1. Select from the stretch 68-115 the residues that are among the aliphatic types (A, V, I, L, M), surrounded by fewer than 12 Cβ atoms within 10 Å (Cβ to Cβ) and not in a helix (DSSP H, G or I) and list them in ascending order.
2. Got at least one residue in the stretch 116-123 being surrounded by 14 or more Cβ atoms within 10 Å (Cβ to Cβ), modelled with pLDDT under 75 and either hydroxyl-bearing (S, T, Y) or out of contact with any His (no Cβ under 7 Å at 6 or more places or on another chain) (or both)?
3. Among the residues of the stretch 12-37 satisfying the criterion of being outside any strand (DSSP E or B) and within 26 Å of D135 (Cβ to Cβ), which is modelled with the lowest pLDDT?
Amino acid sequence: MKFTILILALTVSPFTMSSELIPNDDVTILAVNGVKIKTSFFGKNKIEVEDGEHQIVAKYINSFGNQDFIDSAPYIFNVNVSGNTTISTNKITNERQADEQIANGLSWFIINNEGEYKVNQSSQLIGNGIMPFSDIEKLIEEYNKQNVITKEDTPSSTTSLIAHYQRATTEEKKQFKMWLIENETK
């Protein structure tokens, strides 16, 4: 059985699409699928992911050319990655507008191969203490427990395989089924 799963993964992997999550200039991606993202001091990192649904934690941060930074609490939401995917907020042009948007709750927008759309459901993560968001992975775990989001609900390689199969043409599905039957009986 393990051998079949390995063969299945190797066979489907050529169909796997690798895309990038690209944060807008005023957006920082903190975690993807519960794993903290290592950031670079010199600039924004583009994050390579497979096409499909991913749980993202991001925050707004901008200085408007001043010494002081204005930033939001981290937001958690799901994004369907389809090709290179940009994450942004409403266009914010000054400090007053940033303060208002943060106080009223930010809206998140996605641009990718499926077009441009607003994220329907996002939540702020709640942190405690002096550095409330220093252990982002623990906050995500707590959020997922409180909202009854299990590992099965978060995207995985199995979900990715299923998504790729669903996007395959009828002929590709037929060829895959024939390959699977032939290799299962050996």
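1. Kept after step one, since they are among the aliphatic types (A, V, I, L, M), are these residues of the stretch 68-115: 70, 73, 76, 79, 81, 87, 92, 98, 102-103, 106, 110-111.
Next, from what is left, pick out any that are surrounded by fewer than 12 Cβ atoms within 10 Å (Cβ to Cβ): 103.
Those that are among the aliphatic types (A, V, I, L, M), surrounded by fewer than 12 Cβ atoms within 10 Å (Cβ to Cβ) and not in a helix (DSSP H, G or I): none in the stretch 68-115.
2. no
3. Looking only at the stretch 12-37, we keep the residues that are outside any strand (DSSP E or B), and these are 12-17, 24-26, 33-34, 37.
Then drop every residue that is not within 26 Å of D135 (Cβ to Cβ), which leaves 24, 26, 33-34, 37.
Values: N24: 90, D26: 91, N33: 90, G34: 87, I37: 84.
So the residue we want is I37.
The values are calculated or read from the model by the stated rules, or taken from the named source; none is laboratory data. Fair warning: this is a prediction, and the values are worked out from it, not measured in the lab. For neighbour counting, all protein chains shown are included, and Cβ atoms are generated from backbone atoms with ideal geometry for every residue, glycine included.
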